[in-house]
Amino acid sequence: MSGFSAALRAHIERAREWGRNEVRPAGLEADRNAAPLPADHPYFAKFVDFRRRHPSPAEDDTISEGSAVRMAVLNEENAYWDRGMGVAAPGPGLPAAIVAALGTPEQRERFLGPFRGAKEPRWGSFALTEPGGGSDTAAFRTRAIRTDRGYVLRGSKCFIGNAARADWVLIQANLDPEKGRAGQRAFFVEHGNPGMTGIKIEKKMGLRAYESVSFILEDCEVPHENLLGGEQPARTSQSSAYGATMGSLNTTRVGVAASAVGLARSAYDETLDIAKQSGSIKSARVRDRLEAMRRRLRAAWLMTLRAAWKADEKIPNIVDASMAKVFAAETAHELATVGMEIVGLEAGAGDCLVEKLFRDAKALNIVEGTGQIQRIIIARNLVGLPR
Amino acid sequence: MISFALTEEQTQVRDTLLSFATSELATRARSADEARLSPSELLDTAWSLGFTALSIPEDCGGGGAPRSLVTSALMLEALGYGCAGLASAAFASMLFVNPLIDLGSEEQRLRYLPEFCGEKRRAASLALHEGAPAFDPARMATRAMRDGKGWVLTGTKRLVPMGEHASRLLVLARASDAPGLAGIRAFIVDSDATGVTIARDSGTLGLTAAGFARVELAQVRVPADDVLGDGEGADIRPLLASLRIGGAALAVGLARAVIDFAIPYAKERVAFGEPIARKQSIAFMLADMHIECEAMRWMVWKAAAEADAGRDAAKASVLAQDYVNRHAVRIADDGLQIFGGHGYIRDLPPEMWLRNMRVLTSHDAIAAA
């Protein structure tokens, strides 16, 4: 075990400066307004400019760490400043890797091309969750029906990040329900498609900086070429959209775990600051609780890094990713909760970062599989727990 | 002899308030939370129930019912079941009235209580909290200094329920160098007295319908006979005990609401082929929520019964409050967790309940007792 490379540390430093100067204020603005920043907010243009000047660490060849560790480290730092703004960041987002892996060459060019060197903020979006099925990804009901002109999508989706402002939403739908999960495919629905209706930006308890969108697919028509991977995808289990989704979750869970660690570290630092200022740090009970928080934070970070490292080493990491996800999310929640207790009513009275982090943290034990689902996955691997 | 049985009157009071809570409070909870305001027609309806004057002595124009913290706990649990925020607003006057009944001098009762016995709503409140992180009443910074025969109050109070509407406030302040709580006294202050500035407390996490205010006291003069109690003023420790019990009772009601809302959902919501209530991870969570909620309630009743029996309820009230604070947040949190993403949206109540519970359990002066 060793420290991070100098090249990666340089990226962390840059993210820290950017986070302190830009991300934190923007995140607080969105939280106070109780609404995502509009797509034309100056922050997003600045972000695009920042990315043009400083390419993503994912593309930096001088970094010796693997891509999962890079992502974990940067997610942690970004979430320290504002988790919601991280999700709101312009770019193709979560589906980029899926499109890159499974898209036809034409699709990669058509849907990812516009993001390369883009001078304006633009977004992609991925729609998996449905009102009747959150963590139960196999129970989704959205259907795709083949017609002469293409496909017709019917169903509804909820909590879809950035979907109202995205150039396109990659939508998971079942083309062949008789095959169950194997029938799941993904379809590009472009912005302004009249079949995507009832678009509603949900009001949330926290993480208000990004759009969580619900919408209905009402005979939503897309052309044949919008089916991800084309009509005849390569016949491997990975090539079904379902397989791609589940495969990608092995690293996205680690990404959420890393974000939870960043959020937790932020709650810890803020609580410590306030405890010092108020003098309550002199109380042995308060010091004990802070110490316990710090240990738990350290454990969560190590668990997350190990899950990322295993992914980079191509060692199966399903259990590690789930452990890191549930442990880190619950750590963030616990740290913010304990922070609220130490800070007391001052936090409840608003204008206190700990209060915002308390609301933000709660989501992390729900998104990308609830804590209950993670435990099922872990237990299934440990003791063969049936579904 | 030990008994968990309620008297006929207690059952009646509880049932009346439970029906009020479900039909009037629960239905307005979300809109009041978003508006950060309690609708005045609701406050009028609550007033018309007559509970504020119920225990005011008959010679002051009230109902003359004996004061009982067990009955108060039953009332607050019922109200908390509907909406703790709206309940805090609708019954804020009790935070002024009940301490006067319990600790006020004969003269103070006759002077101040009759105005709360009429049909027209009167708002009053209690100013206990201060801005310090982890506020501890024993380390209160608001001072009451002797000035001739009277007092001069200086300090800043926070999170005063319905503070902007209150015509009178009961202000807690350090009145002597006696250590800890022994040196604290309560003062009856007119909200339009010179030196009093009241402003809305911004952005509370939860209980936003309670109308929390910040009260600045700049050299506010209070006559000698407006220190609560006879002579040098009453020991306020019984008041703090009743506030702890009341706040805890409100939290029990809120916790019960969470559980009663989560159970039918868990039985209906299907994931991985069966209702999630049939998954042990969810079923055990619900069982634990139920166990803790019951334990919380009996702790609260025990503390209230100690006070009603004329014994010092300080210790029992701290135990009850501490137990409730620890477990109630967990219940609200698990309630949201069972709803998953749907619980996080500001639409269904779970996220509001978690915010309310978080504030309720770090705050012991919201409920009248």
Quiz item: Any chance region B:275-284 includes a residue that's under 18 Å from A:ARG375 (Cβ atoms), of a type in the set (Ser, Thr, Tyr) and within 14 Å of chain A (Cβ to nearest Cβ)?
Solution: yes
Quiz item: What single numbered condition from (1) surrounded by fewer than 24 Cβ atoms within 10 Å (Cβ to Cβ); (2) touching a helix residue (DSSP H, G or I) at 6+ places or on another chain (Cβ under 8 Å); (3) in the same structural domain as B:GLY63 (by TED's automatic domain parsing) fails to hold for B:GLU106?
Solution: (2)
Self-check item: Filter result (in contact with a Leu (Cβ under 9 Å, 6 or more places away or on another chain) and more than 17 Å from A:ILE216 (Cβ to Cβ)) within region A:115-169
Solution: A:GLY124, A:PHE126, A:THR137, A:ARG146, A:GLY150, A:GLY161
Exercise. Give the residue that is nearest to the other protein chains (Cβ to nearest Cβ), with candidates limited to residues of region B:166-192 that are assigned to a helix (DSSP H, G or I) and in contact with a Lys or Arg (Cβ under 7 Å, 6 or more places away or on another chain).
Key: B:LEU181
Quiz item: Among (1) more than 14 Å from every other protein chain (Cβ to nearest Cβ); (2) closer than 17 Å to B:TYR344 by Cβ; (3) surrounded by fewer than 21 Cβ atoms within 10 Å (Cβ to Cβ), which single condition is A:ALA209 missing?
Solution: (3)
Quiz item: Is there any pair with a first residue in region A:281-294 that is within 14 Å of chain B (Cβ to nearest Cβ) and a second that is surrounded by 17 or more Cβ atoms within 10 Å (Cβ to Cβ) and small (Gly, Ala, Ser) whose Cβ atoms are under 8 Å apart and which are 6 or more apart or on different chains, and what are they?
Solution: A:ILE281/A:ALA275; A:VAL286/A:ALA275; A:VAL286/A:SER280; A:VAL286/B:ALA134; A:LEU290/A:ALA275
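Does B:VAL220 satisfy being of a type in the set (Val, Ile, Thr), outside any loop (DSSP other than H, G, I, E, B), buried (at least 21 other Cβ atoms within 10 Å of the Cβ) and under 20 Å from the mean Cα position of the chain (by Cα)?
no
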Exercise. Kindly provide the set of residues from region A:360-375 that are surrounded by 24 or more Cβ atoms within 10 Å (Cβ to Cβ), more than 7 Å from every other protein chain (Cβ to nearest Cβ) and in a helix (DSSP H, G or I), ordered by number.
Key: A:ASP360, A:ALA361, A:LEU364, A:GLN374
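Here is a yes/no grid of residues against (1) touching a Pro at 6+ places or on another chain (Cβ under 8 Å); (2) over 24 Å from B:VAL252 (Cα atoms); (3) assigned to a strand (DSSP E or B); (4) aliphatic (A, V, I, L, M):
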residue: B:ARG67; (1), (2), (3), (4): no, no, no, no
residue: B:GLY85; (1), (2), (3), (4): no, no, no, no
residue: B:ALA89; (1), (2), (3), (4): yes, no, no, yes
residue: B:LEU95; (1), (2), (3), (4): yes, no, no, yes
residue: B:LEU110; (1), (2), (3), (4): no, yes, no, yes
residue: B:GLU119; (1), (2), (3), (4): no, yes, no, no
residue: B:ARG122; (1), (2), (3), (4): no, yes, no, no
residue: B:SER125; (1), (2), (3), (4): yes, no, yes, no
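Condition check ((1) free of Cβ contacts under 8 Å to residues at least 60 places away in the same chain; (2) of a type outside the set (D, E, K, R)) across all residues:
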{"residue": "A:ALA321", "(1), (2)": "no, yes"}
{"residue": "A:ALA328", "(1), (2)": "no, yes"}
{"residue": "A:MET340", "(1), (2)": "yes, yes"}
{"residue": "A:VAL343", "(1), (2)": "no, yes"}
{"residue": "A:LEU353", "(1), (2)": "no, yes"}
{"residue": "A:LYS356", "(1), (2)": "no, no"}
{"residue": "A:ASP360", "(1), (2)": "no, no"}
{"residue": "A:LEU364", "(1), (2)": "no, yes"}
{"residue": "A:ALA379", "(1), (2)": "yes, yes"}
Self-check item: Pick from region B:193-216, criterion touching a residue at least 60 places away in the same chain (Cβ under 8 Å) and polar (S, T, N, Q), ranking: nearest to the other protein chains (Cβ to nearest Cβ)
Solution: B:THR204
Quiz item: A:ALA34: at positive phi, of a type in the set (Gly, Ala, Ser) and surrounded by fewer than 16 Cβ atoms within 10 Å (Cβ to Cβ), yes or no?
Solution: yes
Quiz item: Which one of these is among the aliphatic types (A, V, I, L, M), assigned by TED's automatic domain parsing to the domain that holds B:GLY63 and buried (at least 17 other Cβ atoms within 10 Å of the Cβ): B:LEU95, B:LEU169?
Solution: B:LEU95
Quiz item: Which is surrounded by fewer than 21 Cβ atoms within 10 Å (Cβ to Cβ) and either under 21 Å from A:GLY161 (Cβ atoms) or not assigned by TED's automatic domain parsing to the domain that holds A:ARG253 (or both), of A:ARG20, A:ARG70, A:ARG83?
Solution: A:ARG20
Quiz item: If only one of B:ALA287, B:ALA303, B:ALA257 is surrounded by fewer than 18 Cβ atoms within 10 Å (Cβ to Cβ) and hydrophobic (A, V, I, L, M, F, W, C), which one is it?
Solution: B:ALA287
Exercise. Answer yes or no: is there a residue in region B:141-157 that is surrounded by fewer than 22 Cβ atoms within 10 Å (Cβ to Cβ), within 14 Å of chain A (Cβ to nearest Cβ), within 20 Å of the chain's Cα centre (by Cα) and of a type in the set (Gly, Ala, Ser).
Key: no
Quiz item: Scanning for something of a type in the set (Lys, Arg) and either surrounded by fewer than 17 Cβ atoms within 10 Å (Cβ to Cβ) or within 10 Å of chain A (Cβ to nearest Cβ) (or both), does region B:317-327 turn up at least one residue?
Solution: yes
Quiz item: In this structure, is B:LEU348 within 12 Å of chain A (Cβ to nearest Cβ), closer than 30 Å to A:ARG141 by Cβ and in a loop (DSSP other than H, G, I, E, B)?
Solution: yes
Quiz item: So which of A:TRP301, A:TRP309 is aromatic (Phe, Trp, Tyr), under 21 Å from the mean Cα position of the chain (by Cα), crowded, with 21+ Cβ neighbours inside 10 Å and more than 10 Å from chain B (Cβ to nearest Cβ)?
Solution: A:TRP301
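The values are calculated or read from the model by the stated rules, or taken from the named source; none is laboratory data. Nothing here was measured: the structure is a model prediction, and the numbers come from that model. Note that we place each Cβ from the backbone using ideal geometry, even for glycine, and neighbour counts take in every protein chain shown.
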